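Structure first, commentary second.
The values are calculated or read from the model by the stated rules, or taken from the named source; none is laboratory data. The structure presented is a predicted model; accordingly, all values stated were derived computationally and were not measured. Cβ atoms come from the backbone with ideal geometry, glycine included; neighbour counts cover every protein chain shown. Ligands, DNA and RNA are excluded from the accessible area calculation, which covers all protein heavy atoms including side chains. Shrake-Rupley method; radii C 1.70, N 1.55, O 1.52, S 1.80 Å.
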Amino acid sequence: MRSIGELARASGLTVSALRFYDRSGVLVPALVDPVTGYRWYTDDQVAPARLVAGLRRVGMPLAEIAAAVRHRAEPAVVGRLLDGHLRRLEDGLADARRELSRVRALITPEESPMATRLVLSRADLAAAIDAVRFAVGADPELPVLSGVLLDVSDEGVRLVATDRHRMAVSRVPGRREGAPLRALAAVDLVDRVRALLDSSDETEAHLRVDGTTVAVSVAGREVAGTALPYDFPDYRRLLHGSVGDAPAYRIDVDVPALRAALADGGPTLVRRYEGDDVAVTVLGLDDRGALRVLDGDALAAAGPDELRIGVNGRYLLDALDAAGRGQLVLELDGPITPLAVRRPDDEDAFSILMPIRL
């Protein structure tokens, strides 16, 4: 048996860290002396302690450290945890670089900002706007959500919109000149851009972000406006935390049948949310594992272990309409985690709906 101090020296963790991981249930001693309260560990606990120390050094969250320790004999499971954390670190580094670029611009405002330009497919940009426009917020108390984020990177531009209850994401590949950046385009500007894209048969559209100006031109005609002066929420955390590579449920959606059920069936429950009565549509699975809308009788007959998910039916209809008329897949992990509506042929276009607790 090893004392807590001996395990600390063998693993690289401090004594206080070992006490913390004991209280958290991550690394529990093999024996605690009932009289002195001293903690004792076996030699077999050295390797898990070293694993904890390594994950702690790279900033992995406690819940994921605990999962890695539990599944340390399953390399595939731990590998997914490591890959997910690495993506978060890479996203955080990209965010930090963008923020530092903004700070440098604030320190040296006399320098003229360089314009970032992209050449995009006109049709793809129109489809991307259609895929996210429905999720733009309209709450006057949350002006930061009243536009569409243009997140320009090496892969092109990602469009993101959210009103807190749902989020829509799409991406347009393109050729970029200039630095990666973000700009928040007001919804009025987005609507004018969408009209411009329909006014021409030209194959290319040109996006330019110059200082605080966002402009899109097609065939010599340009629509421009001032970017909103707000910091858009960090949408990547929701993407990686809630829309994983292996959801518990991945359900092919019969889009016409689901549309008809949502339009005709109406809500089955009413829940109180933020002082208002909210109509809730309840989704479940039939005997074949297909998605269905539960009416009152089906909801009453559902067993306690059957999947039941409460959603805003109108929001779900909006997501179906925005995704188009092709095949759709619904992904989710349970009744209180966000739902993802995806197109199997385009992994970069999807919407996320927050569920309503039943």
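Mind listing the phi-derived Karplus ³J(HN,Hα) values for region 43-57, rounded to whole Hz, using 6.51, -1.76 and 1.60 with θ = phi - 60°, and x for any glycine or proline? After applying 6.51 cos²θ - 1.76 cosθ + 1.60, I find 4, 5, 8, 5, 4, x, 5, 5, 4, 4, 4, x, 5, 5, 5 Hz. Backbone amide hydrogens, once placed in the peptide plane, bring Ser121 within less than 5 Å of Ala205, excluding anything fewer than 5 places away on its chain.
Within the full protein context, the accessible area of Ser200 is estimated at about 20 Å² for a probe radius of 1.4 Å. Computed from backbone phi, the HN-Hα couplings of region 129-136 come to 5, 4, 6, 10, 4, 5, 8, 5 Hz, rounded to whole numbers (Karplus: 6.51 cos²θ - 1.76 cosθ + 1.60, θ = phi - 60°; Gly and Pro given as x). Rolling a 1.4 Å probe over the protein chains gives His71 an accessible area of about 60 Å². Annotation: Phe134 carries an accessible surface of approximately 40 Å², with a 1.4 Å probe and no ligand, DNA or RNA atoms counted. Distances between placed amide hydrogens fall under 5 Å for Gly147 paired with Gly137, all partners being 5 or more residues away or on another chain. Distant-in-sequence amide contacts of Leu269, defined by a placed amide H-H separation under 5 Å and a gap of 5 or more residues or a different chain, comprise Val280.
For region 92-197, GluC sites (Glu not before Pro) meeting the loop criterion (DSSP other than H, G, I, E, B) and having at most 15 other Cβ atoms within 10 Å: Glu110, Glu111, Glu141, Glu155. Magnitude of the charge dipole for the chain, about its Cα centre and with charges confined to Cβ atoms of Lys, Arg (+1) and Asp, Glu (-1), is about 1180 debye.
In order along region 220-227, phi translates into HN-Hα couplings of x, 9, 10, 10, 9, x, 8, 5 Hz, rounded to whole numbers, per the Karplus curve 6.51 cos²θ - 1.76 cosθ + 1.60 with θ = phi - 60° and x for Gly and Pro. Annotation: per residue accessible area for region 1-146 equals 60 Å², rounded to a whole number [probe 1.4 Å, protein chains only]. Spin-label model, Ala279 to Arg50: label points 7 Å out along the Cα-to-beta-carbon direction sit 6.1 nm apart.
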